[in-house]
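Just below is one structure, and these are the notes that go with it.
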Amino acid sequence: MLMYYVMMVVFMYMMGSFMFCVKRKHLLMVLLSLEFMVLVVFMTLFFYLNMFNYELFFSMIFLVFSVCEGALGLSILVSMIRTHGNDFFQSFVILQC
């Protein structure tokens with residue numbers, strides 16, 4: 001049962017990193033794949049702490065940091081859409097005068 005859980009978590013994390021690499025042209029898809037990987041890490045942390053009967057305060061701190069990361073990503077997405085009109089990385093020119 002534990003081996004099945006480990007294989008499932010590794011598969012989910014690898015699929016999230018695969019989507020991060022494949023859909024790198026859109027900022028929204030990159031942020032969604034990052035949030036999926038964070039949720040997989042949270043699920044792993046939660047089950048690991050439950051398995052050894054530890055306190056779950058660290059998982060709460062992890063959730064706070066992941067929510068802050070998501071809010072920062074959405075603010076970058078909104079500012080990029082306001083300034084450039086879309087979320088393509090090709091239309092985003094870094095070297096502007």
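What follows is calculated from the coordinates using simple rules that are stated; it is not laboratory data. Keep in mind the model is a prediction, meaning the values are calculated, not measured. Cβ coordinates were reconstructed from backbone atoms using ideal geometry, including for glycine residues, and neighbour counts include every protein chain displayed.
Would you work out the Kirkwood radius for region 2-84? I mean one over the mean of 1/r across all pairs of different Cα atoms, in Å. All intermediate terms of the calculation are to be shown ahead of the outcome.
Numbers: mean 1/r = 0.0706 Å⁻¹.
Final number for the Kirkwood radius of region 2-84 is 14.2 Å.
Can you give the extra length, in nm with one decimal, that the chain gains between SER66 and TYR48 once fully stretched, where that is 0.36 nm per residue apart less the Cα-Cα distance? Provide the component values of the computation, followed by the final result.
Values: separation 18, 0.36 × 18 = 6.48 nm, distance 1.81 nm.
Result for the pair: 4.7 nm of gain on full extension.
Under the simplified labelling scheme, the LEU56-CYS21 pair shows an inter-label distance of 3.4 nm, with each label point 7 Å from Cα along Cα→Cβ.
Once R0 is set to 25 Å, what does the formula 1/(1 + (r/R0)^6) return for the Cβ-Cβ distance between LEU39 and ARG82, expressed as a FRET efficiency to the nearest 0.05? Mind showing how you got there, number by number?
Numbers: r = 28 Å, r/R0 = 1.11.
With a Förster radius of 25 Å, E is 0.35.
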